[in-house]
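Comments concern the structure below.
The values are calculated or read from the model by the stated rules, or taken from the named source; none is laboratory data. The structure displayed is predicted, hence computed values, not measured ones. Ideal geometry is used to build each Cβ from the backbone, glycine not excepted, and the neighbour counts take in all protein chains shown. Just so you know, the surface numbers come from the protein's heavy atoms only, side chains and all, with ligands and any DNA or RNA stripped out. Shrake-Rupley method; radii C 1.70, N 1.55, O 1.52, S 1.80 Å.
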Amino acid sequence: MQASALLHLLQLTSPSLPIGAYSYSQGLESAIDSKLVCDAASARNWIVDHLHQVLARFEAPVFWRLLRAFELRDAQAVTLWSERFIASRDSAEFRAETIQMGYSLAKLVGDLEIADPDLLALLHAQREVGLPTALACAAVALTVPHQAALLGMLFSWAENQVLVCVKSVPLGQVAGQRLLLSLRPELELAALSAQQLEDDALSNWSPGLSLLSMQHEVQYSRLYRS
């Protein structure tokens, strides 16, 4: 990968990207409150299960398809997978999360003037923009290779999950970095799986996570928005 593409990828996946990712836990805060996650071992089990049973089976494959759709300027495919992703968000918090971050990133893409008119038109043609749609547009606009963009998306998610654990379990900083380092082979496996799944094999079936998300909406004490 060229240095410019690598630097663009690092910027897109940085915690400092102003889209508010740090304010969401994607159900993890509920799992901590319910004592399903209480130490480093249970934190790793949670993250690995979420990675392979949810992200690798639906969110990452959809992102992979959106990357190709934007690269080909395929308006029909962009709309199809954007709408399917948003429709798959089965709690109010999960839906609000992707819409808020997608809106913020889409606005950033426009403000930074990194996308050509055709890409911007595809992005703005969506009735609602989820995070994978905006991220795919940004990655294509910045000529980040698709495989690198996919790994970056997965790593960014994992890093955020680990940071939630560091702050809320709580884990120490060294334990958090040890946990993140141990996820490398899992992230590679998830990325490989996401690239190989056929359309009819995609599934976001995760009722336990959905229930935890719904519980979080009425959780008494919380730091995160999901």
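Looking at L223, L211, can you tell me which residue is in contact with an Asp or Glu (Cβ under 7 Å, 6 or more places away or on another chain), among the aliphatic types (A, V, I, L, M) and open to solvent by 30 Å² or more (accessible area, probe 1.4 Å)?
Details: L211 fails: in contact with an Asp or Glu (Cβ under 7 Å, 6 or more places away or on another chain).
Just one listed residue meets the conditions, L223.
Given the structure, is A149 of a type in the set (A, V, I, L, M) and farther than 21 Å from I47 by Cβ?
So A149 fails the test.
Can you give me the number of residues within the range 110-143 that are under 16 Å from L66 (Cα atoms) and assigned to a helix (DSSP H, G or I)?
Going residue by residue through the range 110-143, those that are under 16 Å from L66 (Cα atoms) are 115, 118-143.
So of that shortlist, the ones also assigned to a helix (DSSP H, G or I) come out as 118-124, 131-141.
Number satisfying all stated conditions: 18.
Scan the range 68-97 for residues that are closer than 25 Å to P145 by Cβ and either out of contact with any Cys (no Cβ under 9 Å at 6 or more places or on another chain) or outside any helix (DSSP H, G or I) (or both) and report the count. Talk me through it step by step, then tell me what you get.
Taking the range 68-97 as the starting set, the residues that turn out to be closer than 25 Å to P145 by Cβ are 68-82, 84-85.
With the extra rule that they be either out of contact with any Cys (no Cβ under 9 Å at 6 or more places or on another chain) or outside any helix (DSSP H, G or I) (or both), the set shrinks to 68-69, 71-77, 79-82, 84-85.
Residues that pass the stated criteria total 15.
Conditions: (1) at negative phi; (2) open to solvent by less than 10 Å² (accessible area, probe 1.4 Å). R65 meets all but one. Number of the miss?
Result: R65 passes all but (2).
Only one of L105, L151 is open to solvent by 20 Å² or more (accessible area, probe 1.4 Å), part of a helix (DSSP H, G or I), within 25 Å of A3 (Cα to Cα) and among the hydrophobic types (A, V, I, L, M, F, W, C). Can you tell me which? Can you show your working first?
On the way: L105 fails: open to solvent by 20 Å² or more (accessible area, probe 1.4 Å).
Of the residues listed, the single one that is open to solvent by 20 Å² or more (accessible area, probe 1.4 Å), part of a helix (DSSP H, G or I), within 25 Å of A3 (Cα to Cα) and among the hydrophobic types (A, V, I, L, M, F, W, C) is L151.
Which residues, taken from the range 31-60, are charged (D, E, K, R) and closer than 17 Å to S88 by Cα?
The answer is R57, E59.
Please verify whether the range 30-40 includes one or more residues that are open to solvent by less than 50 Å² (accessible area, probe 1.4 Å), modelled with pLDDT under 95, over 19 Å from T133 (Cβ atoms) and not in a helix (DSSP H, G or I).
Looking for residues that are open to solvent by less than 50 Å² (accessible area, probe 1.4 Å), modelled with pLDDT under 95, over 19 Å from T133 (Cβ atoms) and not in a helix (DSSP H, G or I), one finds none in the range 30-40, hence no.
Going through the range 190-225 one residue at a time, which ones are assigned to a loop (DSSP other than H, G, I, E, B), more than 17 Å from P61 (Cβ to Cβ) and not polar (S, T, N, Q)? Spell out how you get there, then give the answer.
Start the filter on the range 190-225 by keeping residues that are assigned to a loop (DSSP other than H, G, I, E, B), which leaves 197-198, 202-206, 217-225.
Now drop any that are not more than 17 Å from P61 (Cβ to Cβ), which leaves 217-225.
E217, V218, Y220, R222, L223, Y224, R225 - these are the residues of the range 190-225 that are assigned to a loop (DSSP other than H, G, I, E, B), more than 17 Å from P61 (Cβ to Cβ) and not polar (S, T, N, Q).
To keep it simple, each residue is scored yes or no on (1) within 25 Å of D90 (Cβ to Cβ); (2) in contact (Cβ under 8 Å) with a residue 60 or more places away in the chain; (3) acidic (D, E).
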residue	(1), (2), (3)
V169	no, yes, no
G172	no, no, no
S182	no, yes, no
S210	yes, yes, no
R225	yes, yes, no
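Which residue pairs have Cβ atoms under 9 Å apart, sit 6 or more places apart or on different chains, and have a first residue in the range 139-160 that is at positive phi and a second that is surrounded by fewer than 21 Cβ atoms within 10 Å (Cβ to Cβ) and not in a helix (DSSP H, G or I)?
T143/Q2
Under 7 Å between Cβ atoms, which residue pairs at least 6 apart in sequence (or on different chains) link something in the range 12-26 that is at positive phi with a partner that is outside any loop (DSSP other than H, G, I, E, B) and at pLDDT 95 or above?
G20/Q100; G20/M101; G20/S104
Residues of the range 154-190 being within 20 Å of Q11 (Cα to Cα), open to solvent by less than 60 Å² (accessible area, probe 1.4 Å) and of a type in the set (A, V, I, L, M), which ones?
Listed by number, the residues that qualify are L154, A158, V162, L180, L187.
When the residues of the range 1-14 are filtered to those that are of a type outside the set (G, A, S) and over 18 Å from P132 (Cβ atoms), which remaining residue is most open to solvent (accessible area, probe 1.4 Å)? Even if it seems obvious, please write down each step before you answer.
We begin by selecting, within the range 1-14, every residue of a type outside the set (G, A, S); these are 1-2, 6-13.
Of the ones still in play, those that are also over 18 Å from P132 (Cβ atoms) are 1-2, 6-7, 10.
On the way: M1: 121, Q2: 137, L6: 75, L7: 111, L10: 97 Å².
Among residues in the range 1-14 that are of a type outside the set (G, A, S) and over 18 Å from P132 (Cβ atoms), the one most open to solvent (accessible area, probe 1.4 Å) is Q2.
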